[in-house]
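These notes concern the structure reproduced below.
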Protein chains: 2
Amino acid sequence: MKVINLAEKLALVDTHWDPRVVAGYNGNDIMVVKAKGEFPFHDHPDTDDFFLVIEGEVLLDVGDETHVLRAGELFVVPRGVRHRPRVLGEAKLLLIEPAGTPNTGDAATASRKEPI
Amino acid sequence: MKVINLAEKLALVDTHWDPRVVAGYNGNDIMVVKAKGEFPFHDHPDTDDFFLVIEGEVLLDVGDETHVLRAGELFVVPRGVRHRPRVLGEAKLLLIEPAGTPNTGDAATASRKEPI
C-alpha cells in the first residue's frame, strides 16, 4: 500500500512497448509503458484492454477505424477486437490487463511485464 | 468504442462524491468524480479500490496512516481495508470498481453511479 507516482515510474523505463507493473487491482496488472512506432495488430479473446494516455499522442487502429488519443484520454478495446497502437513521437500510457495477459495477444512474443 | 476525454466528462459534473461512469472494463465501472471535503470511513469487503488523481490533492486515510495523493498519482486500497478520502480544496479523480460496488461500502447510502 503506497502512493504510485506515474511520472517517477516512467522515468525508470528506457524501453518501448515493454509494460511495467506498478500496482495490482483485483488480479489485474496496472502498468505504465513508453510507446514509440508501431505495435503489431492483435486481439485479446478473453479480456477488454484499457488504455489511458498520460503524455503524447497515440493512434489506435481498431478494426477499420483509427482513433486519436491524447493526454487525459482513455479508450477500452473490447475483448476479441483487433487493434494496434501507433505512436509517431513518443507516448506514455497507463494500461490495465488481467495478470498474465500477453500484451501482443501471443505468449510467445509477449513482454514479461516486470514490476517496477 | 470511443475516445473518452476525462476533462470533458468532469466538466459535466457539478456534484461532489458522485462518481459517474465513463466506460466499462471487464465488468468494472471506470468513473470520474469530483471530490471536496470529507468522505465517510468505509471498506469494500469484496474488492480492491483504485484511485488515480487527475487534478488537485487527496488525503487518503488508510487504517491509521494518511497518504497524500497528487495529480498523476494512484493508490490501490486492498479489499477489506478501511479508508476515507479527504480533500481540502477540490480534486478530480479516476476510480475503478466492479459494477454494482457501493461507493460508501453500503448500498443504502451509495451513489447511483450513473453514466455520463
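How high is the relative contact order of chain B, in percent, with contacts defined as C-alpha pairs under 8 Å that are six or more residues apart?
33
Please compare each pair in B:2/B:92; A:92/B:113; A:113/B:113; A:113/B:9; A:36/B:92; A:34/B:34 to a cut-off of 26 Å on the Cα-Cα distance and tell me which ones are over it.
A:92/B:113; A:113/B:113; A:113/B:9; A:36/B:92; A:34/B:34
Using Cβ contacts closer than 10 Å as the measure, can you line up A:90, B:73 from fewest to most?
A:90, B:73
For B:30, A:4, what ranking results if the residue with the fewest other Cβ atoms within 10 Å of its Cβ goes first?
Ascending Cβ contact count within 10 Å gives the list A:4, B:30.
Charges at C-beta only: +1 for Lys and Arg, -1 for Asp and Glu. How large is the resulting dipole of the protein assembly as shown about its Cα centre, in Debye rounded to 20?
With Lys and Arg at +1 and Asp and Glu at -1, about 180 debye.
With n ≥ 4 as the cut-off for DSSP H runs, can you work out [θ] at 222 nm for the protein assembly as shown, using -39500 (n - 2.57) per run divided by the number of residues, rounded to the nearest 500?
-1000 deg cm²/dmol
Send over the semi-axes of the protein assembly as shown's equivalent ellipsoid, whole angstrom and largest first, taken as the square roots of 5 times the C-alpha gyration tensor eigenvalues.
With the √(5λ) rule applied to the protein assembly as shown, the semi-axes are 29, 18, 17 Å.
For all pairs of alpha-carbon atoms in region B:6-98, what percent lies in each bin of width 10 Å, listed from the first bin to the last filled one?
Result returned by the calculation: 17, 53, 28, 2.
Provide a whole-number value for the mean count of partner chain Cβ atoms within 10 Å of the Cβ atoms in peptide B:5-14.
Taking the mean over all residues of the peptide, I get 2.
Could you size up the charge dipole of chain B around its Cα centre, putting +1 on the beta carbon of Lys and Arg and -1 on that of Asp and Glu, and report it in debye to the nearest 20?
320
Go ahead and run the numbers for FRET between residue A:3 and residue B:79, Cβ-Cβ distance against an R0 of 25 Å, rounding to 0.05.
So the FRET efficiency works out to roughly 0.85.
We did not get these values from a lab; they are worked out from the coordinates using the rules stated. Computed from a prediction, not measured in an experiment: that's the story for all the values here. Glycine also receives a Cβ, built like all others from the backbone with ideal geometry; neighbour counts cover every protein chain displayed.
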